[in-house]
Amino acid sequence: MEFEEMQKIWDEQSNQTLYAIDERALSNRIKAKRNTANRIANLSELIVIITHIVATGILLVIMLMNKVNNVFMYLMSAWVFFTAIFATVIRLRRIYSKIRFDRTMFGELDHAIALATHQVRFSKLMQWNSVPVAGLAVLLVWSSGKSIWITAGMVVFFVGTYYVSQWEVNIYKRKKEELEQLKLKLEE
Amino acid sequence: VTTDEQKKIFELWLSLHKGLIFKIIRVYGRTPMDREDLFQEITFQVWRSIPSFRGESAVTTWIYRIALNVSIRWLRKEKKQVQSESLEDIQHIIHEVKDHSDDERLSWLYQEIHKLDEIDRSITLLMLDGLSYKEMSSIIGITETHIGVKINRIKKQLINRSKKSEHYGV
């Protein structure tokens with residue numbers, strides 16, 4: 001079969017009606033999808049920002065109520081607060097970076113790769129951020145004269161958390177690699 | 001754009017360009033459930049895109065861009081995840097019209113397009129829909145020369161397969 005013949009066969013289908021659309025059901029579905037999309041959008045970033053702000057508040061309340069004068073406690077609350085600020089800045093940069101991409105397939109792929117890169121960076125940042133937080137928390141407990149077993153338990157907990165967060169990083173890395181492969185296909 | 005205006009534009013676009021969306025869902029979705037799911041996703045994204053449409057490109061080009069991008073994304077997601085909704089939960093939006101008859105050669109053509117990777121499927125569809133290299137370039141985002149190279153390769157592939165196929169001459 002020559003290509004012109006394929007083209008002819010293809011053109012003939014345009015005169016046939018293949019599907020009927022239930023417009024009411026479609027309208028309902030769009031509303032439902034819009035609501036779901038709005039609800040789940042940016043959830044992970046918001047969770048990180050809110051939990052860090054709440055944690056800063058809790059630390060400040062504890063310090064004010066107990067009149068604590070522990071340097072590690074001050075350092076930790078400052079660190080946690082700046083993490084919240086930093087996460088907010090990263091989030092805003094991601095939102096406003098949308099305008100730099102065109103809507104072609106190539107542009108959308110670039111955008112998806114940029115988004116995946118952002119997710120890899122964000123999750124890695126949160127993973128590395130757990131190291132100073134863990135260090136300060138352990139020092140705080142140790143300096144307050146608690147049992148060595150509590151300190152050891154905290155160390156084990158934080159090490160475990162660090163390795164679990166690697167799992168999240170790997171998910172985003174795989175997603176990014178898949179998108180990069182797709183872009184390569186488009187370029188080859 | 002008010003919600004009412006958005007709704008009116010959407011209905012107009014859908015009535016004028018539904019044929020284009022139907023072809024795309026057939027190229028990317030294998031089963032009726034796949035096509036239904038993909039149709040929902042494409043129409044939702046088209047609806048969502050209306051406020052950002054500035055008229056810098058033709059509506060057809062705009063819808064092709066959205067529909068093809070959604071389809072490629074959908075295909076990658078669909079490969080990985082098991083259908084989360086049960087059959088009973090799905091509210092059917094499109095219904096196949098029973099009295100249309102498919103040319104056997106058209107079915108063969110769709111089968112062959114299904115064998116191509118996600119990117120080549122898009123290019124084949126645009127090529128068969130008769131878009132110019134310039135229009136394809138503005139949808140895909142690669143140069144016209146690059147489009148030409150890909151089209152030559154795809155055409156050769158399709159012609160070779162048709163020669164090997166028992167459907168040849170049907």
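Summarise the partner chain shielding of A:20-32 as one whole number: the mean count of Cβ atoms from other chains within 10 Å of each residue's Cβ. Intermediate values should be presented prior to the final figure.
Details: counts 5, 10, 5, 4, 2, 6, 11, 6, 2, 8, 10, 2, 3.
Per residue, the number of nearby Cβ atoms from other chains is 6 on average.
In terms of Cα to Cα distance under 29 Å, which lysines are near enough to A:K8, apart from those fewer than 8 places away along the same chain?
Within the straight-line limit of under 29 Å, A:K8 reaches these lysines: A:K185, B:K18, B:K23, B:K98, B:K115, B:K134, B:K150, B:K155, B:K156, B:K163, B:K164.
Can you pull the semi-axes for chain A, root of five times each eigenvalue of the Cα gyration tensor, sorted largest first, whole Å?
Those come to 51, 20, 15 Å.
Charges only on Cβ, +1 for Lys and Arg, -1 for Asp and Glu: so what's the dipole of chain B about the Cα centre, in debye to the nearest 20? Working shown, then result.
On the way: 27 positive and 25 negative charges, 171 e Å.
Using only the charged Cβ atoms, the result is roughly 820 debye.
So how tilted is helix A:43-66 from the main axis of chain A? Cα-based, degrees 0 to 90, rounded to 10.
The angle comes out at about 10 degrees.
Looking only at Cα atoms, what is the convex hull volume of the stretch A:104-188 per residue, in Å³? Before the final figure, lay out each step's value.
On the way: hull volume 5.4 nm³, N = 85.
Taking only Cα atoms, the stretch A:104-188 has a hull volume of 64 Å³ per residue.
Restricting things to alpha carbons, find the Rg to Rh ratio for chain B using the Kirkwood radius for Rh. Working shown, then result.
Values: Rg = 17.1 Å, Rh = 17.5 Å.
Ratio of gyration radius to Kirkwood radius for chain B: 0.98.
Can you give the accessible area of A:R91, probe radius 1.4 Å, in Å² rounded to 10?
Looks like 40 Å² after rounding.
Only four residue types carry charge here, +1 at the Cβ of Lys and Arg and -1 at the Cβ of Asp and Glu. Report the dipole size of the protein assembly as shown about the Cα centre in Debye, rounded to the nearest 20. Intermediate results must be reported in sequence, preceding the final value.
Numbers: 50 positive and 42 negative charges, 313 e Å.
That gives the protein assembly as shown a dipole magnitude of about 1500 debye.
When all protein chains stay in place, what accessible area (Å², nearest 10, 1.4 Å probe) is found for B:D117?
For B:D117, the solvent-accessible surface is approximately 50 Å².
Could you report the protein assembly as shown's accessible area per residue, 1.4 Å probe, as an integer in Å²? It would help to have the intermediate numbers written out before the result.
Details: 20300 Å² over 358 residues.
Dividing the accessible area of the protein assembly as shown by its residue count gives 57 Å².
Protein chains only, probe 1.4 Å: how do A:V80, A:V155 rank by accessible area, largest first? If you can, show how the numbers build up before the last one.
Working: A:V80 10, A:V155 65 Å².
Order by accessible area, largest first: A:V155, A:V80.
How would A:Y172, B:Y110, A:Y163 line up by accessible area, probe 1.4 Å, largest first? All intermediate terms of the calculation are to be shown ahead of the outcome.
On the way: A:Y172 45, B:Y110 10, A:Y163 155 Å².
Largest accessible area first, the residues go A:Y163, A:Y172, B:Y110.
What are the extents of the Cα atoms of the stretch A:65-138 along their three principal axes, listed from largest to smallest and rounded to whole Å?
58, 19, 13
I need two numbers for the protein assembly as shown: Rg to one decimal and Dmax as a whole number, Cα atoms only, in Å.
According to the Cα coordinates of the protein assembly as shown, Rg and Dmax are 26.5, 90 Å.
The values are calculated or read from the model by the stated rules, or taken from the named source; none is laboratory data. Keep in mind that what you see is a predicted model, and the values were worked out from it rather than measured. Every residue, glycine among them, receives a Cβ derived from its backbone with ideal geometry; neighbour counts consider all protein chains shown. Just the protein is used for accessible areas: all its heavy atoms, side chains included, with ligands, DNA and RNA removed. Shrake-Rupley method; radii C 1.70, N 1.55, O 1.52, S 1.80 Å.
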